Amino acid sequence: MAGREREWELLVDFLADPAPTMRLGIVSGRRRHGRSHLLRVLQSPRARIAVLGEAKATAARRGTGDLQRFERIRSLLADQGHDTTPTTLARYSLHGFRADLIEAAATRDDILLVDLPTLYG
């Protein structure tokens, strides 16, 4: 997880660099879709971020480690001047969520957890 968080930090730092020189950023890897979206968002000045989410189809249930990573990304976006006050942290999981994340979501209104029973009722 720390490696992915560092990748996000580097990407945000790269995009926020005020240097007037030409730069080239390459986004690669399995998880490039989220970073590609972040590239588009950061191109617009002071974007309002309504939802920051990720869908997982891994066999592991998702926990608070994912939440901490998303809180860090939201913080990085806010540091760059984007409006993250209304941001919902959304997690979509094929195999559900661990008790620690369910408990966190029960006490906060900025967390959305969606598993298959929630999705298909």
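Amide H to amide H, with H built 1.01 Å from N, GLY63 comes under 5 Å of ARG98, counting only residues 5 or more places away or on other chains.
Within 10 Å of each residue's Cβ, count the other Cβ atoms and sort SER75, SER93 from fewest upward. Intermediate values should be presented prior to the final figure.
Details: SER75 12, SER93 22.
Taking fewest neighbouring Cβ atoms as first place, the list is SER75, SER93.
The simple spin-label model puts a point 7 Å past each Cα toward its Cβ; for LYS56 and ASP109 those points are separated by 2.7 nm.
Using 0.36 nm per residue of separation minus the Cα-Cα distance, give me the extension gain between THR88 and LEU119 in nm, one decimal. Don't jump to the answer; show the numbers that get you there.
Working: separation 31, 0.36 × 31 = 11.16 nm, distance 1.72 nm.
Between THR88 and LEU119, full extension yields 9.4 nm more.
Annotation: amide H of ILE111 within the under-5 Å range of LEU89, sequence separation 5 or more or interchain, hydrogens built in the peptide plane.
Bear in mind that the values in this text are calculations on the coordinates, not laboratory data. Note that the coordinates shown come from a computational prediction; the quantities given were computed from them, not determined experimentally. Using ideal geometry, Cβ is built from the backbone for each residue, glycine included, and neighbour counts are taken over all protein chains shown.
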